[in-house]
Amino acid sequence: MKAASNLEDALAIIRETDIGSYLEESALRTFDDLDEHLWRYLAQRIRYIESFHFLPGDVLKISGAYVVKYDVLNIKAVLQHLSGAQRTSLIPVGVIHNNGLLEELSNAEDVDAIIQILIKCKMGDYVPALEEYKIDKSSKSKFVAEAKLDGEYYKSMLNVARRIKDGSALAKALGVIIDLTNLQIASRAMIQGIGHDAAEFVIAGGYRITDKAIGELLPLKIADIPARLEDTHYQQIAIEVSANYDKNKNITAVDEIIDKHKFEMLKDMLSPRVLSPLVMAWYLILKEAEVRNLRLVLKTIVDGVPVQEVENYLVL
């Protein structure tokens with residue numbers, strides 16, 4: 001696909017795959033059409049699995065809790081629009097979408113409207129994250145609201161992990177995600193020179209790095225992080241982030257490197273789990289990676305950008 005010169009050739013290459021077959025039957029005129037259908041494909045696969053008559057209840061618990069991730073992403077996108085950013089398309093996956101309220105969320109004119117939608121969808125646990133932003137519309141308040149939404153999501157996932165078979169392994173995987181997300185927050189804050197101010201954005205519940213430990217990292221320089229993560233799985237990641245940023249002075253290196261390591265670590269923890277409800281968690285992570293990779297490759301083809309320029313952002 002990376003060698004294809006146009007969208008038609010790229011899609012023809014994957015025609016025999018499940019996702020390629022789905023896209024072939026869809027009316028695709030623009031990249032926005034393609035983007036929407038890629039996410040609709042993910043939603044379709046989730047519905048398909050959930051439709052199995054003898055599906056273990058623990059699998060449904062994981063699926064139901066996991067897809068709230070897309071609700072959080074959609075709420076963040078609307079908050080960005082309310083703070084002056086250009087309106088973006090929302091992801092047609094999640095509880096709000098399943099309740100037929102995604103368009104209403106997209107058209108929300110204030111935080112109160114978002115809150116009412118959350119209440120309708122029985123997502124009241126996410127309301128407190130938005131209450132402060134109603135009063136203070138500053139950029140910092142928005143970032144804090146987004147961090148609280150993330151924190152509530154991971155708290156919910158950890159609660160599910162405590163109630164299912166092999167839940168300890170899922171809790172560990174979630175802890176690793178929180179660790180790496182916090183490392184991402186800290187690294188970006190250091191580069192942007194707002195170390196102390198990022199303390200409110202840190203998510204509690206990490207596996208190896210407590211929120212307190214992350215707070216102690218924030219006043220440092222990015223080159224100082226590896227020494228502070230000695231004897232953890234994350235030291236090598238921090239070394240790569242520091243070296244790559246030192247070489248290219250590009251903040252996107254933080255996300256690029258950490259996202260790749262996050263995928264590999266989750267793969268090692270979750271993919272070997274057979275005959276376990278955790279296979280659903282790995283399936284959802286894997287399918288999302290597939291969708292995001294395709295979005296990136298196909299977008300570069302549509303825009304006429306050499307795929308080599310975005311190759312490092314692919315999660316393979």
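The values are calculated or read from the model by the stated rules, or taken from the named source; none is laboratory data. Here the structure is a predicted model, which is why all the values come from computation and not from measurement. As a convention, Cβ positions derive from the backbone with ideal geometry for all residues, glycine included, and neighbour counts pool all protein chains shown.
Checked against the criterion of being small (G, A, S), under 27 Å from L79 (Cα atoms) and either in the same structural domain as L79 (by TED's automatic domain parsing) or under 18 Å from the mean Cα position of the chain (by Cα) (or both), the candidates G195, G205 yield just one match: G205.
When the residues of region 77-94 are filtered to those that are among the aliphatic types (A, V, I, L, M) and either assigned by TED's automatic domain parsing to the domain that holds R45 or buried (at least 20 other Cβ atoms within 10 Å of the Cβ) (or both), the one that is nearest to Y66 (Cα to Cα) is V93. Counting only helices (runs of 4 or more DSSP H) that fall entirely inside region 211-284 and contain at least 3 residues that are of a type in the set (A, V, I, L, M, F, W, C), the qualifying elements are 211-217, 235-248, 252-270.
Considering only residues in region 291-306 that are in contact (Cβ under 8 Å) with a residue 60 or more places away in the chain and surrounded by 17 or more Cβ atoms within 10 Å (Cβ to Cβ), the one that is farthest from I257 (Cα to Cα) turns out to be I301. A count restricted to region 33-75 and to residues that are among the charged types (D, E, K, R) and more than 20 Å from the chain's Cα centre (by Cα) stands at 3. Restricting attention to region 223-243 and to residues that are of a type in the set (A, V, I, L, M, F, W, C) and under 15 Å from R188 (Cα atoms), the residue that is surrounded by the most Cβ atoms within 10 Å (Cβ to Cβ) turns out to be V241. Across region 135-148, not a single residue is classified as within 20 Å of D268 (Cβ to Cβ), among the β-branched types (V, I, T) and touching a helix residue (DSSP H, G or I) at 6+ places or on another chain (Cβ under 9 Å).
Among residues of region 146-159 that are in contact (Cβ under 8 Å) with a residue 12 or more places away in the chain, those with a beta-carbon under 8 Å from a residue that is of a type in the set (D, E) and surrounded by fewer than 20 Cβ atoms within 10 Å (Cβ to Cβ) at least six positions away or on a different chain give the pairs A147/E200; E152/D125; S156/D125. Exactly one residue among L42, L60, L34 is touching a helix residue (DSSP H, G or I) at 6+ places or on another chain (Cβ under 7 Å) and farther than 25 Å from I117 by Cβ, and that residue is L34.
Take the conditions hydrophobic (A, V, I, L, M, F, W, C), in contact (Cβ under 8 Å) with a residue 12 or more places away in the chain and under 30 Å from D166 (Cβ atoms) and apply them to I114. Does it pass? Against the criterion (hydrophobic (A, V, I, L, M, F, W, C), in contact (Cβ under 8 Å) with a residue 12 or more places away in the chain and under 30 Å from D166 (Cβ atoms)), I114 does not qualify. I'd like to know if region 65-87 contains one or more residues that are among the small types (G, A, S), farther than 19 Å from R295 by Cβ and modelled with pLDDT of 95 or more. Yes, the conditions are met somewhere in region 65-87.
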